[in-house]
């Protein structure tokens, strides 16, 4: 009985010590977090004041060049129409949080509150709460950096979204809208890649439809900026289809993909020429690799004469790139053993 | 307007132009290609390489005032490509892949030339890509080539990992700890990537010649491959260094990258040597300052009240032969950006404004005709 009590007391004492240890050692709140908390608990917003006129050339200058009152006026102009949109809210807060800590290292949270109060008195506390959440989210990212690097993509995604929803609630979906869209596109490409060969047209149509659905009216702008990357992404995903085609079929399929992705006639013509050049290059690589293998595997290895023969062949087949290919081989890299990705290399 | 006023306006305009203080970055003449370092473009320790946490790439321009997923510090008509190559490979492999990606982009867009900004190994890949493109097109294709934190003369970290120094159980494991789990994807060769970043040929018995010294001889600074060459150098004291790099730096190895000698005289994997003082702001957690200058040394001028801008540090001179910089070019801490190796890309923790940093490089490229 005594023995049991002794164990019980030991366990209880250990647990108490552990609890105290956790309390003492848990990461404390920093000054900025305390400032956020204090202002939000007090619920005080900067009193409304009459703001100065909008500076004429404000779009040509950095926000921090202006007085606090002028900044508030510029923010009204810049973000006022969309201030209910969480993506606009976070963009505005980020813009302020980039430079305010540099200019007001000791009390930037208070200055932030003042600016928000002047600019959007009815929303100031909501915006400050969002700034606090963003600050805490960034701290979370920092403290978990090494951990997330070693996670699988799915596990990392789950962890990040859990924290985003915890801090920002449903607004997280709008704040990380671009990431969500790109994730949907990435998942679509992954599904296409994993599907069996065949139905290339349907795959292309599915992909184009996904892009349009995700980006809506932003689609033309997206394509203007990222047409090549998005086209290349699709090419990589349909290699199974492209590999089983004849040269002629493949040429026509590649052209159709590029056309569907919005490339104009001039671009399509340039691509036709490049594809032909690459086809010839790959054939030359194979020819050269066979010769090289034949010379290097013969009894006694390659002679100086053989090296000379290969040099000549490289120059004939690869022109100005011959010396570069020689450098590559000296470092152990042989282009002919690269995997061919149709439409990409 | 009277002539005095006209002169004053002209003077102010000239001042603004020469100091680079103006509204964000001007549009570059040629598109800008961003070349990433080790690890995949869209997954460096779980973060976007040249981007922020919202999935925005620093080269994405804003087309409307209220657009949010874009870089507001660059021109609304800026053209840029985030090129993606094999995460872990030698620069012979990655440089050729980068040349292919650039050729694809030029074919799709009709661009006649490009500028390249390469971070870390991306700056080394860019040199090879510029040479490949020169050979393919029979003319100069790259206008400005800017490297950021690139180990042009090797990194002691790479040799330490290959040597399996204390605390390193395997090359792959060490690279995963530093750069994330993309190393486990197919097509990667972590050993080739590490051998690339050692200055000398790592092994004299493997029948191949690897390392930065040979690579520099083959793909040196060369105005027929690119019209302008410049580099930004990073270093930071240990206390502020990224936790992953800090662990490597303090727990495993100290780079001590601010001593001069030609070649790798102390056999640590990088040209030059240390000065014997640990942690005195002479490396960025992965690369010593004596390894990073290529062409001009560029100075990053941060400004809270105006847009940041880049200038050339003319006092240190130009590194035209990457294997033979001067003592000052290897040891001077002048114009060194006080950030660690991963701060200048999208990895926290930092207060570094990547969007404005790369915007200032774009604007500098414009001033160099690109």
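Structure above, values below:
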quantity: Counted residues, the range A:151-179 - those being buried (at least 17 other Cβ atoms within 10 Å of the Cβ) and under 30 Å from residue A:207 (Cα atoms); calculated: 11
quantity: So residue A:182, is it assigned to a helix (DSSP H, G or I) and either farther than 29 Å from residue A:238 by Cα or at the interface with chain B (Cβ under 10 Å from one of its Cβ atoms) (or both); calculated: yes
quantity: Residues that are more than 22 Å from residue A:91 (Cβ to Cβ) and assigned to a loop (DSSP other than H, G, I, E, B), drawn from the range B:345-370; calculated: B:368, B:369, B:370
quantity: Qualifying residue in the range A:333-344 (condition: part of a helix (DSSP H, G or I), facing chain B (nearest Cβ under 9 Å) and closer than 21 Å to residue B:133 by Cα); calculated: yes
quantity: Any hit, the range A:296-315, residues being more than 14 Å from chain B (Cβ to nearest Cβ), touching a residue at least 24 places away in the same chain (Cβ under 8 Å) and more than 22 Å from residue B:83 (Cα to Cα); calculated: yes
quantity: Scan of the range A:31-62 for residues that are touching a residue at least 40 places away in the same chain (Cβ under 8 Å) and within 14 Å of chain B (Cβ to nearest Cβ), ordered by number; calculated: A:32
quantity: Count - residues of the range B:328-370 that are within 17 Å of the chain's Cα centre (by Cα) and farther than 25 Å from residue B:282 by Cα; calculated: 6
quantity: Condition broken by residue A:277, with the remaining ones in (1) part of a helix (DSSP H, G or I); (2) surrounded by fewer than 18 Cβ atoms within 10 Å (Cβ to Cβ); (3) more than 12 Å from chain B (Cβ to nearest Cβ) satisfied; calculated: (3)
quantity: Unmet criterion (only one of (1) farther than 28 Å from residue A:172 by Cβ; (2) touching a helix residue (DSSP H, G or I) at 6+ places or on another chain (Cβ under 8 Å); (3) within 7 Å of chain B (Cβ to nearest Cβ)) for residue A:65; calculated: (2)
quantity: Residue ID - surrounded by the fewest Cβ atoms within 10 Å (Cβ to Cβ), chosen from residues in the range A:255-266 that are within 16 Å of residue B:105 (Cβ to Cβ) and more than 27 Å from the chain's Cα centre (by Cα); calculated: A:266
quantity: Long-range neighbours under 6 Å by Cβ, at least six apart or interchain, first residue within 8 Å of chain B (Cβ to nearest Cβ) within the range A:140-155, second surrounded by 14 or more Cβ atoms within 10 Å (Cβ to Cβ) and at pLDDT 85 or above; calculated: A:148/A:156
quantity: Residues being within 14 Å of chain B (Cβ to nearest Cβ), modelled with pLDDT of 95 or more and under 24 Å from residue A:176 (Cα atoms) - total across the range A:99-112; calculated: 0
quantity: Hey, residue B:82 in contact with a strand residue (DSSP E or B) (Cβ under 6 Å, 6 or more places away or on another chain) and at the interface with chain A (Cβ under 10 Å from one of its Cβ atoms) or not; calculated: yes
quantity: Qualifying positions in the range A:301-336 - out of contact with any helix residue (DSSP H, G or I) (no Cβ under 7 Å at 6 or more places or on another chain) and either surrounded by 19 or more Cβ atoms within 10 Å (Cβ to Cβ) or closer than 18 Å to residue A:279 by Cβ (or both); calculated: A:316, A:319
quantity: Qualifying residues in the range A:75-98 (those that are part of a helix (DSSP H, G or I), surrounded by fewer than 19 Cβ atoms within 10 Å (Cβ to Cβ) and more than 23 Å from the chain's Cα centre (by Cα)) - the one farthest from the other protein chains (Cβ to nearest Cβ); calculated: A:76
quantity: Long-range neighbours under 6 Å by Cβ, at least six apart or interchain, first residue facing chain B (nearest Cβ under 9 Å) within the range A:209-236, second surrounded by fewer than 19 Cβ atoms within 10 Å (Cβ to Cβ); calculated: A:221/B:63; A:232/A:344
quantity: Any pair with Cβ under 6 angstrom, 6 or more apart, that starts in the range B:96-123 at a residue that is more than 20 Å from residue B:229 (Cβ to Cβ) and ends at one that is in a strand (DSSP E or B); calculated: B:101/B:83; B:105/B:81
quantity: Residue in the range A:113-129 that is part of a helix (DSSP H, G or I), within 14 Å of chain B (Cβ to nearest Cβ), under 30 Å from residue B:47 (Cα atoms) and at pLDDT 95 or above present; calculated: no
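Every residue, every condition in (1) within 14 Å of another protein chain (Cβ to nearest Cβ); (2) surrounded by fewer than 23 Cβ atoms within 10 Å (Cβ to Cβ); (3) more than 24 Å from residue A:151 (Cα to Cα); (4) at pLDDT below 95, yes or no:
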| site | (1), (2), (3), (4) |
| --- | --- |
| B:183 | yes, no, no, yes |
| B:196 | yes, no, yes, no |
| B:209 | yes, yes, yes, no |
| B:236 | no, no, yes, yes |
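Quick grid of which residues meet (1) more than 20 Å from residue B:355 (Cα to Cα); (2) at pLDDT below 95; (3) part of a helix (DSSP H, G or I):
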residue: B:73; (1), (2), (3): no, yes, no
residue: B:76; (1), (2), (3): no, yes, no
residue: B:93; (1), (2), (3): yes, no, yes
residue: B:104; (1), (2), (3): yes, no, yes
residue: B:129; (1), (2), (3): yes, no, yes
residue: B:134; (1), (2), (3): yes, no, yes
residue: B:151; (1), (2), (3): yes, no, no
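The values are calculated or read from the model by the stated rules, or taken from the named source; none is laboratory data. Because the structure is a prediction, the values reported are computed rather than measured. Cβ atoms come from the backbone with ideal geometry, glycine included; neighbour counts cover every protein chain shown.
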